[in-house]
Amino acid sequence: MSSGKKKHKKQVRNKTKDWLMDYYQTGRAFDEENRRRQEEEGTPSPKGLKNLNSFEWGCIIVIVLGLIGIFVRYVILKI
């Protein structure tokens with residue numbers, strides 16, 4: 001039954017992972033360049049939550065809303 005030829009498995013690419021890693025690396029490089037430029041100018045960089053971009057703020061908001069939802073579901077409603 002077997003012809004002796006091995007079938008090659010199709011190489012699957014994780015495009016979402018590639019996109020996220022590219023976004024992360026680009027943002028990281030931009031942030032490092034921005035911090036280096038601020039240090040050269042002598043401008044102090046903001047510390048803590050003041051230094052976040054809109055994507056990071058969105059992630060924090062989604063996480064906080066999820067935690068509130070979990071708290072409401074399991075502590076207040078006790079389902």
Practice prompt. Apply the Karplus parameterisation 6.51 cos²θ - 1.76 cosθ + 1.60, with θ equal to phi minus 60°, to every residue of the stretch 6-17 and state each ³J(HN,Hα) to the nearest whole Hz, in sequence, with x for glycine and proline.
Written response: 8, 7, 8, 6, 5, 6, 9, 9, 8, 5, 5, 5
Worksheet, complete the sentence: Diffing the stretch 27-32: the Karplus 3J(HN,Hα) column from phi (6.51, -1.76, 1.60, θ = phi - 60°), in whole Hz with x for Gly and Pro, holds x, 5, 5, 4, 5, 5
Worksheet entry | the chain, accessible surface, carbon-and-sulfur percent (1.4 angstrom probe) | 61
Worksheet item: Hey, got the Cα dimensions of the chain along the principal axes, in Å, largest first?
Response: 73, 52, 12
Fill in: 1.4 Å probe accessible area per residue over the chain, in Å²
103
Worksheet item: Nearest 20 debye, what's the magnitude of the dipole of the chain about its Cα centre given +1 on Lys and Arg Cβ and -1 on Asp and Glu Cβ?
Response: 1020
Practice prompt. Enumerate the calculated ³J(HN,Hα) couplings along the stretch 60-71 in order (Karplus 6.51 cos²θ - 1.76 cosθ + 1.60, θ = phi - 60°), each rounded to whole Hz, writing x wherever the residue is Gly or Pro.
Written response: 5, 5, 5, 5, 5, 5, x, 5, 5, x, 5, 4
Worksheet entry | Over the chain: helical MRE at 222 nm, DSSP H runs n ≥ 4 each giving -39500 (n - 2.57), nearest 500 | -20000 deg cm²/dmol
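The values are calculated or read from the model by the stated rules, or taken from the named source; none is laboratory data. Quantities reported herein were computed from a predicted structural model and do not represent experimental measurements. In this analysis, Cβ positions are derived from the backbone assuming ideal geometry, glycine residues included, and neighbour counts consider all displayed protein chains. What goes into the accessible areas is simple: the full protein's heavy atoms, side chains included, and nothing from ligands, DNA or RNA. Shrake-Rupley method; radii C 1.70, N 1.55, O 1.52, S 1.80 Å.
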